[in-house]
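J.: Below you'll find the structure I mean.
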């Protein structure tokens, strides 16, 4: 299992210099990948295009960009630009977001989400692969094309959790990017469904990217309590709630990797055994020493 950094925590105070420096540090330390979510008014794909110019080897990806706010033609253009800027190291992770976000923030109708994603991929994938699309769908349409900045399309992954979306990811995409998902859920829900769909479609084994907070500390109880408070909203969103119920836990604090070096290493091993191909850590700590210890544990495990 490859181990990388999920730096989406930096988006609370987005700064290009800070994020670029964090990516360069992750590469220098030997992490396999560096990921950003689209959660602020800093554009994740544009930022990773810049990061791609300042790094040389580390894999880069979005985890994830919501589809409702961007037409697939715009998403393709941004992804191809990031792929070209990084010399072919970019992975486009996309997801539906959630009904409360779509309806309350975008003021859009949450309608037929699976059909939405199928239409989206019917336009996005041909544009990435050939520069042309001819799809008139129920939710999205685009007929046309253009010159691409690179002939090498980026990998595309979906934030797939439920049965239907996992089947779409297995048939059409390169894998799934997970949040609020522990090893039991990977083993029982994620891996069996997405792998079977990929096999039926004649595709290779899909990537399964698991992302969770990691905090090496001698005092785990207050650390878990802080994570629980910071990330409490995720336990209330239906798609994540369903995954936490499979895991048999209340919230993301219960599946975060918190504790001693050995306990975190054991947690990583369990996630790998469950079927994750990649783990991306949201590195946490109550002080610089704990942050450094968390990074050191991850690197040693890798």
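The values are calculated or read from the model by the stated rules, or taken from the named source; none is laboratory data. What you see is a predicted model; the values in this text were computed from it and never measured. Every residue, glycine among them, receives a Cβ derived from its backbone with ideal geometry; neighbour counts consider all protein chains shown.
J.: Do you know which residues across region 244-285 are in a loop (DSSP other than H, G, I, E, B) and either free of Cβ contacts under 8 Å to residues at least 12 places away in the same chain or touching a strand residue (DSSP E or B) at 6+ places or on another chain (Cβ under 8 Å) (or both)?
T.: Within region 244-285, 255, 256, 260, 275, 276, 277, 284, 285 meet the criteria.
J.: Answer yes if at least one residue in region 59-66 is surrounded by 15 or more Cβ atoms within 10 Å (Cβ to Cβ) and out of contact with any strand residue (DSSP E or B) (no Cβ under 8 Å at 6 or more places or on another chain), and no otherwise.
T.: Step one: filter region 59-66 for residues surrounded by 15 or more Cβ atoms within 10 Å (Cβ to Cβ), giving 59-66.
Within this subset, residues satisfying the condition of being out of contact with any strand residue (DSSP E or B) (no Cβ under 8 Å at 6 or more places or on another chain) are none.
No, that holds for no residue.
J.: Next question. If you go through region 28-35 one residue at a time, do you hit one that is more than 23 Å from residue 277 (Cβ to Cβ), in a helix (DSSP H, G or I) and modelled with pLDDT of 95 or more?
T.: yes
For every residue, the table says whether it meets (1) over 19 Å from residue 275 (Cα atoms); (2) at pLDDT below 95.
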| residue | (1), (2) |
| --- | --- |
| 162 | no, no |
| 165 | no, no |
| 188 | no, no |
| 194 | no, no |
| 202 | yes, no |
| 217 | yes, no |
| 234 | yes, yes |
| 237 | yes, yes |
| 249 | yes, no |
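J.: Quick check on residue 193: is it surrounded by 15 or more Cβ atoms within 10 Å (Cβ to Cβ), touching a strand residue (DSSP E or B) at 6+ places or on another chain (Cβ under 8 Å) and outside any loop (DSSP other than H, G, I, E, B)?
T.: no
J.: Tell me whether region 200-209 contains one or more residues that are buried (at least 19 other Cβ atoms within 10 Å of the Cβ) and more than 24 Å from residue 59 (Cβ to Cβ). Give the steps one after another, and end with the answer.
T.: If we filter region 200-209 for residues that are buried (at least 19 other Cβ atoms within 10 Å of the Cβ), which is where we start, we get 206-209.
Imposing the further condition that a residue be more than 24 Å from residue 59 (Cβ to Cβ) reduces the set to none.
No, region 200-209 contains no residue that is buried (at least 19 other Cβ atoms within 10 Å of the Cβ) and more than 24 Å from residue 59 (Cβ to Cβ).
J.: Residues 217, 185, 176, 152: which one is crowded, with 17+ Cβ neighbours inside 10 Å, within 22 Å of the chain's Cα centre (by Cα) and touching a residue at least 60 places away in the same chain (Cβ under 8 Å)?
T.: 185
J.: If I filter region 40-58 down to residues being part of a helix (DSSP H, G or I) and out of contact with any strand residue (DSSP E or B) (no Cβ under 9 Å at 6 or more places or on another chain), which single residue comes out as surrounded by the most Cβ atoms within 10 Å (Cβ to Cβ)?
T.: Checked region 40-58; the qualifying residue surrounded by the most Cβ atoms within 10 Å (Cβ to Cβ) is 50.
J.: Then there's this: Kindly indicate the residue of region 90-139 that is in contact (Cβ under 8 Å) with a residue 24 or more places away in the chain and in a strand (DSSP E or B) and also surrounded by the fewest Cβ atoms within 10 Å (Cβ to Cβ) among those meeting that condition.
T.: The selected residue is 133.
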